[in-house]
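Colleague: Before anything else, here's the structure in question.
No value in this document is a laboratory result; all are computed from the given coordinates. For clarity, every value in this text was computed on a predicted model and none was experimentally measured. Here the Cβ positions follow ideal geometry from the backbone for every residue, glycine too, while neighbour counts run over all protein chains shown.
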Amino acid sequence: MGWRRAGFGMLLLALVATLPAVAGASATPVAVGDQPRQSLSGAFTVHRHAGEPLGLEGARAVHGEGGFHPLEGDDAGATNFGLTRDAIWLRLELTTPEDFAGRRLLEVAHASLDRVDLYLARDLAPAGGEWRHYRSGDHLPFSQRTLPHRHHLFDLDLEPDTAYTLYLRVASEGTLTVPVTLWEAEALWQHDQLAYTALGLYYGLLVALLVYNLFLYLSLRDPLYLVYVAFIGTLAVGQAGLAGLTGQFLWPDHPWLTHLSPTGGVSLAGVFGALFVQRFLGDTPARLHLGWFMPAVIVGYAATFLGAVAGYYHLAAMVVNGLSLVFAVGALALGAAALYQRQPGARFFVLAWVALLAGVIVIALHNLGLLASNVVTANALLIGSALEMLLLSLALADRINTLQRARDEAQEHALRLRQEMVEALQESERTLESRVADRTRDLERVNQDLRESQAQLEYQAGHDPLTGLVNRKLFAELLPRAMARADRHDRGLALLVADLDHFKPVNDRLGHAVGDAVLVEVARRLGASVREMDTVARLGGDEFVVLLEEAGEVEAIEGVVAKLTAEVARPVPLGEGGQVRVGVSVGWARYPADAVDAETLFNLADRGMYHRKSGRAIPDPL
């Protein structure tokens with residue numbers, strides 16, 4: 001799992017006084033002193049082995065060939081190897097004094113290591129010496145561990161005035177951190193009391209937040225609180241896996257679940273956490289064009305969980321580190337935008353993700369081997385997640401309070417308005433009828449204005465602003481209706497397409513004002529030349545159409561065309577005694593004799609218009 005940590009000390013443990021550590025070169029034996037606690041991490045020599053498994057005899061042979069090297073770094077962080085699939089072999093020589101007495105326990109304080117093998121022999125492992133072999137790791141059922149402890153604990157059973165050689169082989173698909181400490185039994189017991197007290201506080205906080213938000217969901221029926229409950233629950237499982245508590249308490253006889261719980265729990269927590277962020281921030285991501293971000297994070301976490309379940313644990317452990325960093329940064333950025341927009345609960349939301357982001361960054365750098373292991377770096381995620389969940393609950397509470405205040409203010413405003421209305425009614429009882437009548441007249445006037453405005457808007461939408469004729473849009477609606485009427489009454493209709501001749505020179509020579517006056521006059525003449533039931537429309541420019549209803553005879557249509565042509569051909573008077581002449585070319589088609597659909601009907605009439613225009617000479621209009 002990408003968020004594995006060396007040990008599971010809590011924030012309370014950060015206040016414990018620093019304890020003495022034993023550091024020495026690889027060739028110098030470590031003297032077991034009378035300290036209650038000795039850190040051995042910096043005193044090991046190390047060999048990283050990739051490929052086929054290497055047994056004890058192979059490791060001793062590698063040591064004989066000089067293949068073990070001193071560790072670099074301080075005691076706390078020297079044995080943090082990050083995310084690696086290599087098997088780590090650690091070697092150490094111990095000596096006990098003549099007056100040595102008491103039991104010594106060796107602790108490897110990283111619960112989620114897959115396999116831990118300890119080999120111990122006395123007298124610096126002479127030829128034929130007997131090696132004691134201890135096994136631990138989350139691939140073993142908890143009942144098979146040498147000592148029942150959430151970490152990997154071994155009873156060394158040391159004797160006075162004796163030299164020992166110790167080999168430690170560690171392998172894991174997640175973060176491989178091997179903090180090794182030699183304890184007196186009483187000192188370890190006291191340390192565990194502090195650790196379990198801190199763990200109790202942490203999980204007590206989680207349970208309290210979970211129950212509180214579950215009750216909020218049952219009371220408010222807002223799914224946001226149920227999502228938050230799922231987030232707390234899955235994160236608690238992930239943290240319990242990191243702390244070694246799942247194997248000890250939840251499923252001690254199912255090592256696969258123990259192994260899966262850190263990565264699986266944190267991945268599922270990421271799914272619900274991203275869903276919570278998406279729902280909490282509302283439309284803030286969409287306004288920033290980042291509505292896709294949290295769904296993408298949810299898919300990434302879900303794929304990571306499925307990958308871990310399918311056996312790609314190492315890859316899942318690598319992905320979850322980077323994804324969690326991206327998630328925390330993205331949530332913080334979106335929360336900052338929500339805070340800028342004064343969204344309810346945003347201030348606590350931002351603080352929550354600042355706390356988690358700090359923890360994620362520190363633990364990710366620790367898990368990748370870039371930061372040394374200490375009480376802060378090893379527990380950064382624990383501290384950050386505890387603060388995050390507390391602050392997110394405050395954000396939810398602040399959100400409730402803000403929304404409740406808004407509802408209260410709205411209710412208060414409504415009550416105040418109601419009271420004012422009652423007082424106004426009491427004060428104006430004598431003039432009520434008059435005021436009602438005035439209001440009624442005002443409403444009628446407003447309604448009339450609205451009707452007139454609506455009619456004007458509808459008229460403007462369907463009529464040409466220059467000529468007042470039906471425009472292209474409205475004509476496109478009228479033509480199918482006329483065709484339907486013709487079908488119902490078994491009558492024909494005719495569509496005339498008219499295009500002015502030599503209108504462009506009028507615009508070019510005399511100006512657009514004269515051209516507009518000519519168009520207005522032509523529109524008037526066209527409208528005056530047809531029946532009231534017929535429709536004249538301007539399609540645009542100098543192009544007009546005429547819809548003749550109940551006109552199926554060719555002779556009648558040609559008569560209308562001749563009349564239109566003659567009317568348009570008459571001189572158009574201008575100011576100061578001037579005049580201008582324009583002609584018109586008219587093409588027509590009948591429905592249903594020539595075409596049975598509007599598009600074909602128009603195309604035939606348009607084609608006829610161009611045929612007439614090209615078939616005759618057109619005089620200059622000026």
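Colleague: Calculate the FRET efficiency for Arg481 and Ala310 from the Cβ-Cβ distance with a Förster distance of 56 Å, rounded to the nearest 0.05.
Modeller: 0.30
Colleague: So how strong a dipole does region 259-409 carry about its Cα centre when Lys and Arg Cβ are +1 and Asp and Glu Cβ are -1, to the nearest 20 debye?
Modeller: Using Cβ point charges on Lys, Arg, Asp and Glu, region 259-409 gives about 180 debye.
Colleague: If I compute log10 I(q)/I(0) by the Debye sum over Cα atoms at q = 0.05, 0.08, 0.10, 0.12 Å⁻¹ from the structure I just sent, which labelled value in (i) -0.38, -0.88, -1.15, -1.32; (ii) -0.31, -0.70, -0.95, -1.19; (iii) -0.52, -0.71, -0.90, -1.11 lines up?
Modeller: From the options (i) -0.38, -0.88, -1.15, -1.32; (ii) -0.31, -0.70, -0.95, -1.19; (iii) -0.52, -0.71, -0.90, -1.11, the structure gives (iii).
Colleague: How much mean residue ellipticity at 222 nm does the chain get from its helices, if each DSSP H run of length 4 or more adds -39500 (n - 2.57) and you divide by all residues, to the nearest 500 deg cm²/dmol?
Modeller: -18000 deg cm²/dmol
Colleague: Between Glu57 and Leu205, take the C-beta separation as r, use R0 = 56 Å, and let me know the FRET efficiency to the nearest 0.05.
Modeller: Once rounded, the FRET efficiency stands at 0.70.
Colleague: Another question, if that's okay. The chain: longest stretch without exposed GluC sites (Glu not before Pro) (DSSP loop, at most 13 other Cβ within 10 Å), sites themselves excluded?
Modeller: 131-428
Colleague: What is the distance in Å between the Cα centres of region 87-162 and region 581-602?
Modeller: 103
Colleague: Toward the positive end of the charge dipole of the chain, about the Cα centre and with charges on Cβ (Lys, Arg +1; Asp, Glu -1), which of Leu268, Val518, Ala358 goes farthest?
Modeller: Of the candidates, Val518 comes out farthest on the positive side.
Colleague: Now for a different question. Where nothing but the Cβ of Lys and Arg (+1) and of Asp and Glu (-1) is charged, how large is the charge dipole of the chain around its Cα centre, in debye to the nearest 20?
Modeller: The calculation lands at about 680 debye.
Colleague: Which whole-Hz ³J(HN,Hα) couplings does region 289-294 yield from phi under the Karplus relation 6.51 cos²θ - 1.76 cosθ + 1.60, θ = phi - 60°, glycine and proline marked x?
Modeller: 6, 10, x, 7, 5, 5
Colleague: Follow-up. Once you have the Cα-Cα distance between Thr197 and Gln404, take 0.36 nm times their residue separation minus that, and quote the gain in nm to one decimal.
Modeller: Extra length available between Thr197 and Gln404 comes to 70.8 nm.
Colleague: Could you compute the longest span of the chain free of trypsin sites (Lys or Arg not before Pro) located in DSSP loops and having at most 12 other Cβ atoms within 10 Å, not counting the site residues?
Modeller: The segment 86-220 is the longest one with no such site.
Colleague: Hey, another quick one. Using a 10 Å cut-off around each Cβ, can you sort His152, His463 from fewest to most neighbouring Cβ atoms?
Modeller: With the fewest neighbours first, His152, His463 line up as His463, His152.
Colleague: Using the charge dipole of the chain (Lys, Arg: +1 at Cβ; Asp, Glu: -1 at Cβ; taken about the Cα centre), state which of Gly307, His254, Val572 has its Cα farthest towards the positive end.
Modeller: Looking along the dipole axis, the top candidate is Val572.
Colleague: What is the calculated FRET efficiency for Asp508 to Glu550, with r their C-beta to C-beta distance and R₀ = 35 Å, to the nearest 0.05?
Modeller: Taking R0 as 35 Å, the efficiency between Asp508 and Glu550 is 0.30.
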